[in-house]
1. So how do 150, 46, 136 rank on accessible area, 1.4 Å probe, biggest first, that is with the largest at the start?
2. Against the 2.2 N^0.38 Å scaling, with N counting residues, where does the stretch 64-157 land? I'd like the Cα-based Rg ratio to two decimal places.
3. Using alpha-carbon pairs under 8 Å, 6+ residues apart, how would you state the relative contact order of the stretch 56-156 in percent?
4. For the pair residue 147 and residue 105, how long in nm is the line joining their label points, each one 7 Å along Cα→Cβ?
5. Give me the percent of the accessible area of the stretch 78-131 that comes from carbon and sulfur atoms, probe 1.4 Å, all protein chains in place.
Amino acid sequence: MPTTPARKPRLGGRPSGAASRGHRVDVRYRVAAWLVITQGAVMEMSAFFALPVLMLLRVEPGDVGAHFRFALPYFQDNLYLLMIMSGIFGVLRVLGGVGILRDRLWGLAVTALMCGVTLVLMIFLLPAGIFDGLLSGGALVLMAFAWFGSRTLSAGTTTRASEPSANLPTENERDNHGR
């Protein structure tokens with residue numbers, strides 16, 4: 001009887017681990033992901049997509065700047081460059097949020113980094129930075145709650161329940177059970 005060749009492992013496709021077994025990402029991560037996806041798609045990408053329209057209409061940056069004021073004159077004077085930067089931020093936010101929804105650790109890293117950068121820069125982008133700070137700050141707090149849970153500072157060496165070593169017996173349990 002002929003044998004079938006061994007299957008090669010699939011690259012890409014469905015996620016492995018908890019997500020493929022039907023477990024869902026923690027609701028705090030999902031809410032944080034949707035906050036940054038909304039922020040990236042609505043706030044950041046809309047400015048980026050408005051740039052070609054403004055350029056086609058031959059609108060001068062100074063004319064656009066009359067309707068959008070920022071705390072620093074540098075941003076006011078370089079509004080078109082700021083709109084390009086906004087597109088980059090938007091893409092990174094959306095990618096990070098999608099990564100979180102797909103249960104990927106890189107998504108958490110990208111999103112946490114983008115939230116941190118936004119919280120640093122929001123003071124320079126007032127008044128629009130206030131809304132950026134609310135969305136990024138809220139997402140960052142939700143991700144921190146989900147990641148660290150209810151662990152305390154003094155119990156920094158304890159393991160999370162999802163880690164494999166959390167299910168191993170402690171030294172006292174081994175001694176008490178004669179192992």
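The values are calculated or read from the model by the stated rules, or taken from the named source; none is laboratory data. Note that the structure is predicted; figures quoted are calculated from it, not measured. Neighbour counts are summed over all protein chains in view; Cβ atoms, including those assigned to glycine, are modelled from backbone coordinates with ideal geometry. Accessible surface is based on the protein model in full, side chains and every heavy atom, while ligands, DNA and RNA are left aside. Shrake-Rupley method; radii C 1.70, N 1.55, O 1.52, S 1.80 Å.
1. Working: 150 110, 46 60, 136 0 Å².
These residues rank, largest area first, as 150, 46, 136.
2. Working: Rg = 16.1 Å, N = 94, 2.2 N^0.38 = 12.4 Å.
My calculation over the Cα atoms of the stretch 64-157 gives 1.30.
3. The normalised contact order for the stretch 56-156 reaches 22 percent.
4. 1.2
5. Details: 2370 of 2740 Å².
The computed percentage sits at 87.
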